[in-house]
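Chemist: The structure follows.
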Amino acid sequence: MTILGIETSCDETGIAVVRGDKKKLTILSNIVASQIEVHKKWGGVMPLLAKREHQKNLVPVLLKSLKQAGLYKKILGRKQSVGFKKKLADILTRESLLLPRVSRFLASCEIPAIDGIAVTARPGLEPALWAGINFAKTLAFAWKKPLVGIDHLEGHLLMANSFPPSPALSLVVSGGHTVLIVSRRQGAYTIIGETRDDAAGEMLDKCSRLLGLGYPGGPQIEREAALASKEDIRKFGIRLPRPMLHSHDYDFSFSGLKTAVLYDYRSRKVAVRKGKAYVRAMCCELQQALCDVLVTKTLAAAQEHGVKSLLLGGGVSANKELRRQIAEKAKTQLPGISLYIPSPEFCTDNGVMAAFAGYISLVRPRKSTIWRTSRRIIASSHTSIPRL
Ligand code: KG4
Ligand code: ZN
């Protein structure tokens, strides 16, 4: 089964083609267009700008992805009936920039040999999500292919290993989420803990802005932390809290950490806090505070739930220190557990996530699958495509 996956939940336009064969998923293509340059000057992602950029990027990214997968065949101007044009215009009423681009593309592209289309349906930035959803709808309509809406969190956790030994525990830690998810069988998920306020990546992005580093904050903080010298760390003696480390549950909280950074920053003389040495020492302590909380709580959850595999996913899991520390501690504290961490390019958002989750949904359709212990459904992996 060959699936086209589309991801536009935040600031990356990702489209991939994946071939699934029972227990094996093969990536045939993977194209990501990043909008970092557009959002940089705002210090964070602007939802309406993200929507505009997705509308510009979707067709070129699809074209490259189909070409890379060897599935693109150009044809000479397919005729489009009035009814067809009207339907496209109906679907893309709110994506007017996308309409002429899609229409031109559909007229000149042979229907590709795919079996289904998967698109990130939630959670994410609403205007950005809609660009991808409505684009996927036009393709599904024009090519007469099944369309499935997938959950972004499921996409992230599948990147480490799509068929991990069960039960599995996943830590999805990104700009929008910090969640611990237990999966007792493939496609069935229970959220056992999540952030009560900021997501880890969001906190890093905000601290980065405060410290005068750029966006996205995670990679900048990682880079500065690696440059901190022992002397600087000792000289400034920064000590940040480890929020909820001993809370006896698996929830997280990061807004206090952000405030602690702000208070320490403000307590320093301007000449000091603007200096490289202070910024580096702060980044080092901040990264360590984050690692301490994430690693300790994740390993405790893995032990309590008796899991066989531990998976990491989401942009923050690209962090080298987090990867190193969790691997080191898991090896000594939980030697029987297999740890899976995606390569850094698959930690951040991409179309493969959508295609993998789409494959699993299309092979075995499910209803609501990601639950919180309170039984409030926060997401479902066979998410129906929201109506206009
Ligand atoms: O998964 P992702 O691409 O988008 C969301 O679903 O949110 O994650 C983006 C987040 C940003 O907050 C970014 O600062 C963070 O991941 N990030 C990192 C690293 N690379 C990206 N955080 C820490 N270390 C990194 N190397
Ligand atoms: Zn993400």
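Chemist: Just give me the residues in segment 207-217 being assigned to a helix (DSSP H, G or I) and open to solvent by less than 20 Å² (accessible area, probe 1.4 Å), in sequence order.
Modeler: First pass over segment 207-217, keeping only residues assigned to a helix (DSSP H, G or I): 207-210, 217.
Result: Cys207, Ser208, Gly217.
Chemist: Considering only segment 176-184, I want to know if a residue exists there that is farther than 29 Å from Lys308 by Cβ and either surrounded by fewer than 16 Cβ atoms within 10 Å (Cβ to Cβ) or within 16 Å of ligand 1 (Cβ to nearest atom) (or both).
Modeler: If we filter segment 176-184 for residues that are farther than 29 Å from Lys308 by Cβ, which is where we start, we get none.
So far as segment 176-184 goes, no, none of its residues is farther than 29 Å from Lys308 by Cβ and either surrounded by fewer than 16 Cβ atoms within 10 Å (Cβ to Cβ) or within 16 Å of ligand 1 (Cβ to nearest atom) (or both).
Chemist: May I ask you to verify whether Leu310 is in the same structural domain as Thr195 (by TED's automatic domain parsing), open to solvent by less than 30 Å² (accessible area, probe 1.4 Å), within 25 Å of the chain's Cα centre (by Cα) and closer than 16 Å to Gly218 by Cα?
Modeler: Details: in the same structural domain as Thr195 (by TED's automatic domain parsing): yes; open to solvent by less than 30 Å² (accessible area, probe 1.4 Å): yes; within 25 Å of the chain's Cα centre (by Cα): yes; closer than 16 Å to Gly218 by Cα: no.
No, not satisfied.
Chemist: Here's something else I'd like to know. Any idea how many residues of segment 4-29 are part of a strand (DSSP E or B) and under 19 Å from Ala128 (Cβ atoms)? Let's see the steps before the verdict.
Modeler: From segment 4-29, those part of a strand (DSSP E or B) are 4-7, 12-21, 24-29; that's our starting set.
When the remaining residues are screened for being under 19 Å from Ala128 (Cβ atoms), the result is 4-7, 12-16.
Number satisfying all stated conditions: 9.
Chemist: I'd like to verify a number: residues in segment 89-130 that are buried (at least 23 other Cβ atoms within 10 Å of the Cβ), among the hydrophobic types (A, V, I, L, M, F, W, C) and within 16 Å of ligand 1 (Cβ to nearest atom), how many?
Modeler: 4
Chemist: Of the residues Ala327, Ala354, which is within 16 Å of ligand 2 (Cβ to nearest atom) and either under 22 Å from the mean Cα position of the chain (by Cα) or in the same structural domain as Ile36 (by TED's automatic domain parsing) (or both)? Show your work before the answer.
Modeler: On the way: Ala327 fails: within 16 Å of ligand 2 (Cβ to nearest atom).
Residue meeting the stated conditions: Ala354.
Chemist: Among the residues of segment 260-314, write down those that are closer than 30 Å to Glu154 by Cα and not in a helix (DSSP H, G or I).
Modeler: His305, Gly306, Val307, Lys308, Ser309, Leu310, Leu311, Leu312, Gly313, Gly314
Chemist: A follow-up question, please. Could you tell me how many of the residues in segment 219-237 are farther than 14 Å from Glu285 by Cβ and either touching a strand residue (DSSP E or B) at 6+ places or on another chain (Cβ under 6 Å) or open to solvent by less than 20 Å² (accessible area, probe 1.4 Å) (or both)?
Modeler: Quick first cut of segment 219-237, residues farther than 14 Å from Glu285 by Cβ only: 219-220, 223, 231.
Next cut, either touching a strand residue (DSSP E or B) at 6+ places or on another chain (Cβ under 6 Å) or open to solvent by less than 20 Å² (accessible area, probe 1.4 Å) (or both) only: none.
Qualifying residue count for the region: 0.
Chemist: Moving on to the next point. Could you pull out the residue among Ala160, Ala136 that is modelled with pLDDT of 95 or more, more than 16 Å from ligand 1 (Cβ to nearest atom) and either within 22 Å of Gly358 (Cβ to Cβ) or of a type in the set (Val, Ile, Thr) (or both)?
Modeler: Details: Ala160 fails: more than 16 Å from ligand 1 (Cβ to nearest atom).
Being modelled with pLDDT of 95 or more, more than 16 Å from ligand 1 (Cβ to nearest atom) and either within 22 Å of Gly358 (Cβ to Cβ) or of a type in the set (Val, Ile, Thr) (or both) holds for just one of Ala160, Ala136, which is Ala136.
Chemist: Let me ask something additional. How many residues does segment 163-175 hold that are buried (at least 19 other Cβ atoms within 10 Å of the Cβ) and either on the phi > 0 side of the Ramachandran plot or more than 10 Å from ligand 1 (Cβ to nearest atom) (or both)? Can you show your working first?
Modeler: Residues of segment 163-175 that are buried (at least 19 other Cβ atoms within 10 Å of the Cβ), as a first pass: 164, 168-175.
Retained after the next criterion (residues that are either on the phi > 0 side of the Ramachandran plot or more than 10 Å from ligand 1 (Cβ to nearest atom) (or both)): 164, 168-171.
Of the residues in segment 163-175, 5 are buried (at least 19 other Cβ atoms within 10 Å of the Cβ) and either on the phi > 0 side of the Ramachandran plot or more than 10 Å from ligand 1 (Cβ to nearest atom) (or both).
Chemist: With the structure loaded, tell me whether Met159 is more than 23 Å from Leu49 (Cα to Cα) and crowded, with 24+ Cβ neighbours inside 10 Å or whether it fails that test. Write out each step before concluding.
Modeler: On the way: more than 23 Å from Leu49 (Cα to Cα): yes; crowded, with 24+ Cβ neighbours inside 10 Å: yes.
Considered against the rule, which asks whether it is more than 23 Å from Leu49 (Cα to Cα) and crowded, with 24+ Cβ neighbours inside 10 Å, Met159 comes out as yes.
The values are calculated or read from the model by the stated rules, or taken from the named source; none is laboratory data. Bear in mind that the values here come from a model prediction, so they are computed numbers and not experimental data. Don't worry about glycine lacking a Cβ; one is built from the backbone with ideal geometry, like all the others, and counts go over all protein chains shown. Areas reflect the complete protein model, heavy atoms only, side chains present, ligands, DNA and RNA absent. Shrake-Rupley method; radii C 1.70, N 1.55, O 1.52, S 1.80 Å.
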